[in-house]
């Protein structure tokens, strides 16, 4: 069964109440009881957009430099309602950070702040879970996905739309389907700025991604939208994005049309089980699925015991 996680809001209040698993933890400013789990923000020295987003996080939020280094780079920390948040920088591309969890104990969420690349170069703010539905061609493990934090991704998506509008940015806001590495057994997501060097160096857009990311992690565990798996349609699925923005629906793993031919029952089951929240239904972009694969998909979902909604 998927694990449950939670995080309260952004800064310490005079008095805070929050749930952790099945017990209520009450804390005050004078309390010495500290939550030991870690939310990890990850940047990369090989990614200028990533470094710009990290710079904006450090400029606008109460992080302090620690005495620790990670891969010879400074580590920063913040205390968010008695939760530890760390910001580290990799010397490798984020997609190759398969062994990252080995360096940290008690991770409850990993957020890679990253560039997004596309041939079209369309200015885009996007969010997705990493993992490989087929062969591992860009990091991660073959046919292995990360745990998807569906509600935190939705919170990030909604916040990206909010800051895009407030900051008057000419950017698209979109979900992306599950793709590339790493494949981690901890809730993991990418918050991205794209899609060309012009956008990667847009400090205003980098600030929007920074604010959206911090707003989302401040609500970690609080949002209760219904988690679903999405199947069909293009890599940037406007239909899934619209559904999430307009309804109490949070997409975890999303399987695009091009990946359906090599998705089997076990891969589909993995996408459902490796979601932070319980997934009981799949939303199908019905017109975005090749006809010959529709009966197979329905049969696999019925075998797994997941209901189907066609859009």
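Go through 150, 227, 216, 212 for me and flag whichever is in contact (Cβ under 8 Å) with a residue 12 or more places away in the chain, within 20 Å of residue 47 (Cα to Cα) and surrounded by 22 or more Cβ atoms within 10 Å (Cβ to Cβ).
212
Anything in segment 280-302 that is touching a helix residue (DSSP H, G or I) at 6+ places or on another chain (Cβ under 6 Å) and in a helix (DSSP H, G or I)? List them, or say none.
Passing the criteria: 288, 293, 300.
Which numbered condition in (1) closer than 14 Å to residue 188 by Cβ; (2) buried (at least 23 other Cβ atoms within 10 Å of the Cβ) is the only one that residue 115 fails?
So the condition that residue 115 fails would be (1).
Is segment 269-287 home to any residue that is at positive phi, more than 21 Å from the chain's Cα centre (by Cα) and at pLDDT 95 or above? Working first, answer last.
To start, the set of residues in segment 269-287 that are at positive phi comprises none.
The answer is no; no qualifying residue exists.
What are the pairs with Cβ atoms under 7 angstrom where one residue, in segment 191-208, is without any contact (Cβ under 8 Å) to a residue 40 or more places away in the chain and the other, located anywhere, is not in a helix (DSSP H, G or I)? Sequence gap at least six, or different chains.
204/167; 204/169
Can you tell me how many residues within segment 94-138 are outside any helix (DSSP H, G or I), touching a strand residue (DSSP E or B) at 6+ places or on another chain (Cβ under 8 Å) and closer than 20 Å to residue 201 by Cβ?
Adding up the residues that qualify gives 14.
Could you pull out every one of the strands (runs of 3 or more DSSP E) wholly within segment 1-93 that has 2 or more residues that are in contact with a strand residue (DSSP E or B) (Cβ under 9 Å, 6 or more places away or on another chain) and either surrounded by fewer than 19 Cβ atoms within 10 Å (Cβ to Cβ) or modelled with pLDDT under 85 (or both)?
Because the criterion is at least 2 residues that are in contact with a strand residue (DSSP E or B) (Cβ under 9 Å, 6 or more places away or on another chain) and either surrounded by fewer than 19 Cβ atoms within 10 Å (Cβ to Cβ) or modelled with pLDDT under 85 (or both), the strands (runs of 3 or more DSSP E) in segment 1-93 that meet it are 15-20, 23-28, 64-70, 73-80, 83-90.
Residue-wise test of (1) part of a helix (DSSP H, G or I); (2) crowded, with 22+ Cβ neighbours inside 10 Å.
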position: 239; (1), (2): yes, no
position: 242; (1), (2): yes, no
position: 260; (1), (2): yes, no
position: 269; (1), (2): yes, no
position: 272; (1), (2): yes, yes
position: 278; (1), (2): no, no
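Does residue 257 count as farther than 22 Å from residue 147 by Cβ and in contact with a helix residue (DSSP H, G or I) (Cβ under 6 Å, 6 or more places away or on another chain)? Break it down stepwise before answering.
Working: farther than 22 Å from residue 147 by Cβ: yes; in contact with a helix residue (DSSP H, G or I) (Cβ under 6 Å, 6 or more places away or on another chain): yes.
So residue 257 fits the description; yes.
Return yes when residue 250 is assigned to a strand (DSSP E or B) and under 24 Å from residue 159 (Cβ atoms) and no when it is not.
For residue 250, the condition - assigned to a strand (DSSP E or B) and under 24 Å from residue 159 (Cβ atoms) - is met.
Return a yes/no flag: does segment 154-169 have any residue that is in contact (Cβ under 8 Å) with a residue 24 or more places away in the chain, buried (at least 24 other Cβ atoms within 10 Å of the Cβ) and in a loop (DSSP other than H, G, I, E, B).
There is no residue in segment 154-169 that is in contact (Cβ under 8 Å) with a residue 24 or more places away in the chain, buried (at least 24 other Cβ atoms within 10 Å of the Cβ) and in a loop (DSSP other than H, G, I, E, B).
Please find, within segment 119-141, the residue that is modelled with the lowest pLDDT out of those that are closer than 20 Å to residue 48 by Cβ and surrounded by fewer than 15 Cβ atoms within 10 Å (Cβ to Cβ).
Filtering first and then ranking leaves 119.
Mind listing just one residue for me: the one in segment 244-258 that is within 16 Å of the chain's Cα centre (by Cα) and surrounded by fewer than 21 Cβ atoms within 10 Å (Cβ to Cβ) and, of those, farthest from residue 309 (Cα to Cα)?
245
The values are calculated or read from the model by the stated rules, or taken from the named source; none is laboratory data. The shown structure was predicted, so the numbers you read here are calculated from the model rather than taken from an experiment. Heads up, the Cβs are rebuilt from the backbone with ideal geometry, glycines too, and the neighbour counts pull from every protein chain shown.
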